[in-house]
1. Can you work out which of the residues in the range 3-37 that are in a helix (DSSP H, G or I) and in contact with a helix residue (DSSP H, G or I) (Cβ under 6 Å, 6 or more places away or on another chain) is nearest to Pro86 (Cα to Cα)?
2. Counting only residues that are surrounded by 16 or more Cβ atoms within 10 Å (Cβ to Cβ) and among the hydrophobic types (A, V, I, L, M, F, W, C), which one in the range 68-81 is nearest to Val41 (Cα to Cα)?
3. Any residue at all in the range 70-86 that is hydroxyl-bearing (Ser, Thr, Tyr), modelled with pLDDT of 90 or more and either over 14 Å from Asn10 (Cα atoms) or assigned to a helix (DSSP H, G or I) (or both)?
4. Residues of the range 45-59 being under 21 Å from His11 (Cβ atoms) and at pLDDT below 90, which ones?
5. Would you be able to say whether some residue in the range 88-96 is part of a helix (DSSP H, G or I), without any contact (Cβ under 8 Å) to a residue 24 or more places away in the chain, polar (S, T, N, Q) and out of contact with any His (no Cβ under 9 Å at 6 or more places or on another chain)?
6. Would you mind finding the one in Ile65, Ile21, Ile84 that is surrounded by fewer than 17 Cβ atoms within 10 Å (Cβ to Cβ) and among the hydrophobic types (A, V, I, L, M, F, W, C)?
7. Given the options Lys49, Lys25, name the one that is of a type in the set (Lys, Arg) and touching a strand residue (DSSP E or B) at 6+ places or on another chain (Cβ under 9 Å).
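The values are calculated or read from the model by the stated rules, or taken from the named source; none is laboratory data. Only a predicted model underlies this, so the values are computations on that prediction, with no experimental measurement involved. Virtual Cβ from ideal backbone geometry, glycine too; neighbours counted across all protein chains shown.
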Amino acid sequence: MAGRRQDKLNHAVSEELAAIIREVKDPRVAGAFVSISGVNVAPDLSVAKVFYSVLGDDAEVDKGIKSASGFIRSELASRLNLRITPKLVFVRSTSIEQAMNINRILKDIEENGTSQP
């Protein structure tokens, strides 16, 4: 039963963080397409690992998110009724870039006809 509660909490935190990221006024974050790809909240609510992807290769976004983490955490605390608001640890995921790269490779194969066995 604890697994289902944990999944619901991860999903709720993920949805709220996606909305909060759009409200960050830091120009390094506001001008970028940031997607929350997953959240893992510890069972004791002490830490939440936030996996995010950025469309493009902008290292400044990482600095902007880390800089705005205090604001993001306080907004999360005001939106979710949790006993403890977890410390947010942001981890950049390359899932969007990998998917785009695979899509490009498949398109090249389709255009060049090199997909024959």
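1. Filtering the range 3-37 down to residues in a helix (DSSP H, G or I) leaves 3-23, 27-30.
From what is left, the residues that are in contact with a helix residue (DSSP H, G or I) (Cβ under 6 Å, 6 or more places away or on another chain) are 16, 20, 28-29.
Working: Glu16: 13, Ile20: 15, Arg28: 24, Val29: 22 Å.
This residue is Glu16.
2. Top of the filtered list is Leu76.
3. yes
4. Of all residues in the range 45-59, those under 21 Å from His11 (Cβ atoms) come to 45-53.
The answer is Leu45, Ser53.
5. Pass one, the range 88-96, residues part of a helix (DSSP H, G or I): 95-96.
Then keep just the ones that are without any contact (Cβ under 8 Å) to a residue 24 or more places away in the chain; that gives none.
Scanning the range 88-96, I find no residue that is part of a helix (DSSP H, G or I), without any contact (Cβ under 8 Å) to a residue 24 or more places away in the chain, polar (S, T, N, Q) and out of contact with any His (no Cβ under 9 Å at 6 or more places or on another chain), so the answer is no.
6. Numbers: Ile65 fails: surrounded by fewer than 17 Cβ atoms within 10 Å (Cβ to Cβ); Ile21 fails: surrounded by fewer than 17 Cβ atoms within 10 Å (Cβ to Cβ).
On inspection, the qualifying residue turns out to be Ile84.
7. One residue alone meets the criteria, Lys49.
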